[in-house]
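Remarks on the structure that follows.
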Amino acid sequence: MSLKITSVVRVDFEIISYKTINSTNLYAYDLGKLGKRNKIVVSEIQTHGKGRLDRSWFSNKGGLYFSVLMDIKDVGKLEKINFLGSLSVVETLKEFSDKKFEIKWPNDVLFENKKICGILTELNVSSGYLVLGIGLNINNTIDSEIKEIGTSLKEIENLEFNVDLILNKFIEIFTKNLKIDDELLLERYKKYSKTMFKNVNLIILEKTVTGKVVDISYNGIHINTGNYVEVFNAGDCIHLR
Ligand code: BTN
């Protein structure tokens with residue numbers, strides 16, 4: 001009889017809070033360089049919030065802006081991190097609202113096609129750490145320029161929320177999700193995926209790939225482009241009708 005040995009990840013996070021910071025991701029990344037791990041940097045406002053693809057992330061008061069600094073080895077399979085982050089956000093939101101939240105690949109969280117949460121993961125592979133940056137619109141007003149594409153929990157529920165409670169719930173759920181099996185994590189992620197079986201345009205640098213999403217795995221998004229299925233692990237995904 002063989003004994004199956006599973007390693008159990010136990011991570012306790014220290015929370016470092018600011019009223020204003022340039023970017024929680026930048027700060028956490030610098031802490032990582034100093035050898036720090038298992039920190040959550042949170043700020044009420046960010047003056048230079050960073051988004052994906054070199055965009056900026058508007059970070060006014062009332063939102064939840066934080067970054068999780070971790071050792072890569074505590075995540076296990078590195079490709080899991082975006083799945084872990086977005087699934088944990090959806091599961092957290094479900095604790096405060098019974099509305100339907102969905103994930104647009106790789107990690108945007110949407111309510112009725114409007115973005116409520118964005119995630120920016122930054123890696124320092126040579127030093128062995130990662131920063132999972134999460135911007136969640138809670139009580140903050142959405143800039144008029146992005147009203148059509150963005151929303152907040154307050155706008156959805158017509159209620160003010162306690163941002164600290166939401167962060168604590170996220171940490172509880174994220175810590176639990178760190179321990180679950182890779183396959184189960186993926187299965188749970190797919191349950192909330194809005195991208196699965198959608199026709200999409202995937203923009204990768206200058207190139208656009210069009211097709212139907214037939215699967216999502218840790219290798220990326222599997223798109224049937226007509227004659228064959230191609231797998232992409234990055235890009236800006238646009239849902240088509
Ligand atoms: C996106 O473009 O969708 C990702 C946005 C990520 C924003 C968060 S807010 C907290 C953390 N700090 C940053 O500067 N960015 C991330």
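The values are calculated or read from the model by the stated rules, or taken from the named source; none is laboratory data. Keep in mind the model is a prediction, meaning the values are calculated, not measured. Every residue, glycine as well, gets a Cβ built from its backbone with ideal geometry; the counts of neighbours run over all protein chains shown. Side chains are part of the model used for accessible areas, which takes the heavy atoms of the whole protein and leaves out ligands, DNA and RNA. Shrake-Rupley method; radii C 1.70, N 1.55, O 1.52, S 1.80 Å.
Antiparallel DSSP bridges in the chain: what percent, to the nearest 5?
The antiparallel fraction comes to roughly 85 percent.
Rounded to the nearest whole Å², what accessible area per residue is found for the chain with the 1.4 Å probe?
Here the residues of the chain average 53 Å² of exposed surface.
Take the chain, mark every one of the GluC sites (Glu not before Pro) that falls in a DSSP loop and has at most 10 other Cβ within 10 Å, then report the longest stretch left between them, sites excluded.
Here the longest run is 1-147.
Can you tell me which lysines have their Cα less than 25 Å from the Cα of K154? Leave out same-chain residues fewer than eight positions away.
Qualifying lysines at Cα under 25 Å: K19, K50, K61, K94, K99, K100, K104, K114, K115, K169, K191, K194.
When Lys and Arg each count +1 and Asp and Glu each count -1, what net charge do the other residues less than 11 Å away from I16, Cβ to Cβ, add up to?
The answer is +1.
What are the DSSP H helices in the chain that stretch 20 Å or more along their long axis, judged by alpha-carbon atoms, and whose average Kyte-Doolittle hydropathy comes to at least -1.0?
Working: long enough: 81-96 (23 Å, 0.80); 163-177 (21 Å, 0.56).
Result, helices passing both filters: 81-96, 163-177.
Roughly how many percent of the accessible protein surface of the chain is carbon and sulfur, given a 1.4 Å probe and a whole-percent answer?
The computed percentage sits at 50.
How far, in nm, would the chain grow between S144 and K191 when pulled straight, counting 0.36 nm per residue and subtracting the alpha carbon separation?
Once the chain is fully extended between S144 and K191, it gains 13.8 nm.
Quick check: from the Cα gyration tensor, does region 199-239 come out rounded (a/c under 1.5), prolate or oblate?
Cα axes put region 199-239 in the oblate bin.
Report ³J(HN,Hα) in whole Hz for each residue of region 200-216, in order, from the Karplus equation J = 6.51 cos²θ - 1.76 cosθ + 1.60 where θ = phi - 60°; Gly and Pro get x.
Going residue by residue, I get 9, 10, 10, 9, 10, 6, 8, 9, 10, 10, 10, x, 9, 6, 9, 6, 10 Hz, with x marking Gly and Pro.
Relative to a virtual label point 7 Å from the Cα of S97 in the Cα→beta-carbon direction, which members of region 169-190 show backbone nitrogen distances below 20 Å?
Zone members listed by number: 169-174, 189-190.
Using a cut-off of 12 Å between alpha-carbon atoms, which aspartates and glutamates can reach K73, once sequence neighbours fewer than 8 places away in the same chain are excluded?
Straight-distance partners of K73: none at all.
In whole Hz, what ³J(HN,Hα) sequence does region 48-65 give by Karplus (6.51, -1.76, 1.60; θ = phi - 60°), x for Gly and Pro?
Whole-Hz 3J(HN,Hα) from phi for region 48-65: 9, x, 9, x, 6, 6, 6, 8, 9, 10, 5, 10, 8, 4, x, x, 10, 10.
Assuming a viscosity of 1.567 mPa s and a temperature of 4 °C, what translational diffusion coefficient in µm² per second does Stokes-Einstein assign to the chain, Rh being the Kirkwood radius over Cα pairs?
70 µm²/s
Report the label-to-label distance for N162 and N227 in nanometres (one decimal), using points 7 Å from each Cα along the Cα→Cβ vector.
In this crude spin-label approximation the distance works out to 6.0 nm.
If you take every residue apart from N25 with its C-beta less than 15 Å away from the C-beta of N25, what net charge results, scoring Lys and Arg +1 and Asp and Glu -1?
Values: positive: K33, K36, K39, K50, R52, R55; negative: D30, D54, E122.
Once all neighbours under 15 Å are counted, the net charge is +3.
About the Cα centre of region 4-191, how large is the charge dipole given +1 on each Lys and Arg Cβ and -1 on each Asp and Glu Cβ? Please answer in debye to the nearest 20.
That gives a dipole near 360 debye.
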